[in-house]
Amino acid sequence: MISLTEQGKKHQPLAQIDGENIVITIWREITHPMQEVHLIECVDILMYTKAGLLRVKNFELKHTDEPKITFPVSDLKSGTYKVQTKCNLHWTWYDDFVI
């Protein structure tokens, strides 16, 4: 179990495989606000390759969106991935997952 700071509780993404889908939530204990002045701007899916990290998917979010992304597992091939989320006020946050 990881110990999260107050910032981490609402910014740390969590990537999980749920049946045929990958579900990425941008919070661990506290739902991240989605307001015009404070929001998760984007979610990038990066694949670890021999040459380094390669961006394979990108999702742009608006303040009216939920801080959650769902897409089919079949969109990605087997491998190790990094989820990168960017909050407009509180930097970039990461999680890794394997398919």
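Ranking 64, 15, 39 by Cα position along the charge dipole of the chain, where only Lys, Arg, Asp and Glu carry charges on their C-beta atoms, puts 15 farthest toward the positive end.
Against the empirical curve 2.2 N^0.38 Å, the C-alpha radius of gyration of segment 53-99 lands at a ratio of 1.26.
Peptides 73-83, 21-31, 50-60 ranked from most to least packed, by the mean per-residue count of other Cβ atoms within 10 Å: 21-31, 73-83, 50-60. Identify which of the listed values of Rg/Rh (Cα atoms, Kirkwood Rh) was calculated from the structure shown: (i) 1.06; (ii) 0.96; (iii) 1.33. Working out Rg/Rh (Cα atoms, Kirkwood Rh) from the coordinates points to (ii).
Dipole size of the chain about its Cα centre, with +1 on Lys/Arg Cβ and -1 on Asp/Glu Cβ: approximately 320 debye, rounded to the nearest 20.
Laboratory data are not the source of any read-out in this text; all were calculated from the coordinates shown. Computed from a predicted model, the values in this text were never measured in an experiment. Please note: Cβ atoms are built from the backbone with ideal geometry, for glycine as well, and neighbour counts cover all protein chains shown.
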